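K.L.:
My questions will all concern the structure given below.
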Amino acid sequence: MHPFPTIALGSMAGMLACCLPRETMAQNLFASDTRNIYQFTPNGAYTSFATNPGHITGLAVDNAGNLYYADANFGIVVKVAPNGTSTTFATGLIEPSALAFNNVGDLFVSQVPGTGAGTGSILEFSPNGARTVFATGLGAPAHMTFNSAGDLFVSDGAALSIYRFAPNGTRSTFATVSGQGIHGLAFNGAGDLFLGAGGTTAYIYEFAPDGTRTTFASGLEHPIDLAFNQSGDLFVSEFGNTPYILRFAPNGTRAGFTSAVAAQGLAFQVPEPSTLAIAATWVLLFASRRNVRR
């Protein structure tokens, strides 16, 4: 007879999820200006992570913790390992702008040539660097993000529209926004899409999965990029105002995160498990072995 009762893994996982505190992961924030990338700890302390002589635009992090950034001046995408070592991942691009990874590790890169309507495009790179054209005929696809189903959402500043691309490339219009411009995109854990919109008077809009729009925050100036951490807090690079990075709690409470860096691009580091999270994993493994040996 076992000294402990056998518990189904699904039940054990559920109990652990409900009992773990809100902050079980240590997660740093990458923030870029045009030539530098900084790494911020959750308490706002920061260090220089990478520098670049060109013009940094989009940021993205893969599942291995490598940071990627686009350089619009040199037409390249650069990969920076966690230890800071930089290598060129892709070349020959035309003013690359936004970066986003799908759930199988392919990197999507938008190009905004600025040579006329319909010249924007999106390229797809496999992990080994093989390149294919995913979409063409766009205006200014400056920001991108994926939902949990693998659909790509793109804010097109020329069309003032958010497009939704199915994994096979089929495009539909998810929403249109009138005003002075549309900028960063990010999904929260509930599947709602957040958008930075406007210019001198700007907003953050929240879209439900069915496209219903509400205003999450107002009184901003230029919310260029958005990113959520594991705790559901929204970080906004507010270019032109200080503090330059704002932090919004899930209920909309606003606080300044930092005014030290005139940030534009944002991306969160792959979180590292805390001691409690690691312990929870070992409990699951232990439960699994006991179930197998019973």
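The values are calculated or read from the model by the stated rules, or taken from the named source; none is laboratory data. Computed from a prediction, not measured in an experiment: that's the story for all the values here. Please note: Cβ atoms are built from the backbone with ideal geometry, for glycine as well, and neighbour counts cover all protein chains shown. Side chains included, ligands, DNA and RNA excluded: accessible areas come from the protein's heavy atoms. Shrake-Rupley method; radii C 1.70, N 1.55, O 1.52, S 1.80 Å.
K.L.:
In whole Hz and in residue order, list the ³J(HN,Hα) couplings for region 174-186 that follow from phi through the Karplus curve 6.51 cos²θ - 1.76 cosθ + 1.60, θ = phi - 60°; x for Gly and Pro.
P.N.:
In residue order, the calculated couplings are 7, 7, 10, 9, 7, x, 9, x, 10, 10, x, 10, 7 Hz.
K.L.:
Sticking with this one: Quick one: pull the percent of accessible area on region 24-142 belonging to carbon and sulfur, 1.4 Å probe, ligands and nucleic acids left out.
P.N.:
51 percent
K.L.:
Please give the contour-minus-distance gain from Thr85 to Ser178: 0.36 nm per residue of separation, less the Cα-Cα distance, rounded to one decimal in nm.
P.N.:
Roughly 29.3 nm would be gained on extension.
K.L.:
For region 155-167, take each phi angle, set θ = phi - 60°, evaluate the Karplus expression 6.51 cos²θ - 1.76 cosθ + 1.60, and give the result in whole Hz per residue in order, putting x for glycine and proline.
P.N.:
Per residue, the Karplus-derived 3J(HN,Hα) values read 8, 9, x, 6, 9, 6, 9, 9, 9, 10, 10, 5, x Hz.
K.L.:
For the modelled label position 7 Å from the Cα of Ala255 along Cα-to-Cβ, which residues of region 147-191 have backbone nitrogen atoms closer than 20 Å?
P.N.:
The answer is 189.
K.L.:
Could you give me the ³J(HN,Hα) list for region 217-229, computed from phi with Karplus coefficients 6.51, -1.76, 1.60 and θ = phi - 60°, whole Hz, x at Gly and Pro?
P.N.:
With coefficients 6.51, -1.76 and 1.60, one gets 8, 9, x, 8, 10, 8, x, 6, 9, 10, 7, 9, 8 Hz.
K.L.:
While we're here: What residues of region 154-177 lie in the reach of a label at Thr136, counting those whose backbone N is under 11 Å from a point 7 Å from the Cα along Cα→Cβ?
P.N.:
none
K.L.:
7 Å from Cα along Cα→Cβ at both Asp210 and Val270: what's the point-to-point distance in nm?
P.N.:
3.7 nm
K.L.:
Let me ask something additional. Between Asp106 and Glu221, what is the label-point separation in nm under the 7 Å Cα-to-beta-carbon projection?
P.N.:
4.0 nm
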